[in-house]
1. Quick test for you: out of ALA102, ALA64, pick the one residue that is surrounded by fewer than 18 Cβ atoms within 10 Å (Cβ to Cβ), touching a residue at least 12 places away in the same chain (Cβ under 8 Å) and within 13 Å of the chain's Cα centre (by Cα).
2. Just need a number here: residues in segment 186-233 that are assigned to a loop (DSSP other than H, G, I, E, B) and farther than 25 Å from ILE107 by Cα.
3. If you scan segment 73-90, which residues turn out to be out of contact with any helix residue (DSSP H, G or I) (no Cβ under 9 Å at 6 or more places or on another chain) and surrounded by 24 or more Cβ atoms within 10 Å (Cβ to Cβ)?
4. Hey, can you tell me all the residues within segment 156-173 that are surrounded by 18 or more Cβ atoms within 10 Å (Cβ to Cβ), touching a residue at least 24 places away in the same chain (Cβ under 8 Å) and not in a strand (DSSP E or B)?
5. Would you confirm whether or not segment 81-92 contains a residue that is within 11 Å of the ligand (Cβ to nearest atom) and small (Gly, Ala, Ser)?
6. Keeping to segment 48-80, report how many residues are near the ligand (Cβ under 9 Å from one of its atoms) and part of a loop (DSSP other than H, G, I, E, B).
7. Condition test on LEU183, is it touching a helix residue (DSSP H, G or I) at 6+ places or on another chain (Cβ under 8 Å), surrounded by 15 or more Cβ atoms within 10 Å (Cβ to Cβ) and of a type outside the set (Ser, Thr, Tyr)?
8. Could you list all residues from segment 183-217 that are within 13 Å of TYR24 (Cα to Cα) and not hydroxyl-bearing (Ser, Thr, Tyr)?
Amino acid sequence: MLDCDHNKDQNLRIFCNSVSENGYMGKKIYHFSEVESTNNEAKKNSHLQSGTVFIADRQTKGKARLGRQWISDCGGLSMSVLLKPDITPEKAGLLTLVCGLAASSVIDRCMIKWPNDLVLENKKIGGILCEMSKDDEGKMYVVLGIGINLNTKSFPADIANKATSVFLNTGMNTDKSVFVSKLLESLEKYYQIFLNKGFDVLLDEYKGKCVTLNKEVVVHTENGIEEAFATDILPTGELVVKCLSGVKNITSGEASVRGVFGYI
Ligand code: BTN
């Protein structure tokens with residue numbers, strides 16, 4: 001069901017078009033009524049300044065991790081941030097986790113399912129899709145795609161038992177412009193810590209929010225499915241799992257992890 005009253009997003013439109021008081025993140029924000037994917041929009045415009053933001057009321061081909069689809073109606077926030085950090089691609093992969101921390105800290109009681117799911121009351125309330133690429137001059141850039149179920153009123157039957165929204169938890173609509181402003185401020189804070197001090201100083205906070213740790217999980221990889229116990233997260237962002245075949249470090253690009261008894 002699409003909840004597309006564009007007048008409701010008038011505040012967001014004004015916020016995006018205003019001469020921004022924002023810091024480095026979101027100094028320039030592009031706002032669309034409809035695009036295929038804000039991540040694709042950011043990639044098409046990779047020549048723009050680092051920190052440029054792309055927001056859409058609705059995506060027709062929203063993308064999630066591991067080639068999955070992200071369903072986003074107008075109640076949700078679909079936003080991508082173009083970043084040009086001067087770091088190696090291995091380190092840039094950690095931005096998924098950094099962004100997860102930044103986003104979770106602007107949603108009351110929000111936790112993280114490794115690596116990139118935002119979780120509230122054991123249900124998914126949002127997700128992060130970090131894509132890396134190179135511009136025409138061969139310089140690496142990163143697109144951080146953030147999808148958050150803000151004012152979504154209901155979900156399709158097949159995901160209703162594992163998805164939730166801020167509205168379904170609080171009974172209140174969130175003003176998207178206020179939310180985006182807080183989110184960008186938080187993202188800027190965590191991004192700067194990451195660039196200046198590395199992920200090591202954020203690791204304990206990430207672990208404290210991670211619902212995957214110390215749980216029995218099912219690890220899905222290209223090679224099959226394996227039951228395991230999640231024991232740790234490394235400074236590289238890898239999840240350490242103990243399974244019958246031994247201890248393994250898994251990277252976010254190669255596996256999805258579910259709880260043995262359901263989503264968490
Ligand atoms: C996931 O849960 O695996 C990640 C979901 C990421 C969705 C966001 S919505 C904004 C941006 N544009 C996309 O196409 N995807 C991300």
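1. ALA64
2. Count: 2.
3. Hit for segment 73-90 is GLY76, nothing else.
4. Hits for segment 156-173 are THR164, SER165, VAL166, PHE167.
5. Looking through segment 81-92, none of the residues is within 11 Å of the ligand (Cβ to nearest atom) and small (Gly, Ala, Ser).
6. 7
7. yes
8. Narrowing segment 183-217 to residues within 13 Å of TYR24 (Cα to Cα): 183-192.
Of everything in segment 183-217, those that are within 13 Å of TYR24 (Cα to Cα) and not hydroxyl-bearing (Ser, Thr, Tyr) turn out to be LEU183, LEU184, GLU185, LEU187, GLU188, LYS189, GLN192.
The values are calculated or read from the model by the stated rules, or taken from the named source; none is laboratory data. This structure is a prediction, so every number in the text was calculated from the model and none was measured. Ideal geometry is used to build each Cβ from the backbone, glycine not excepted, and the neighbour counts take in all protein chains shown.
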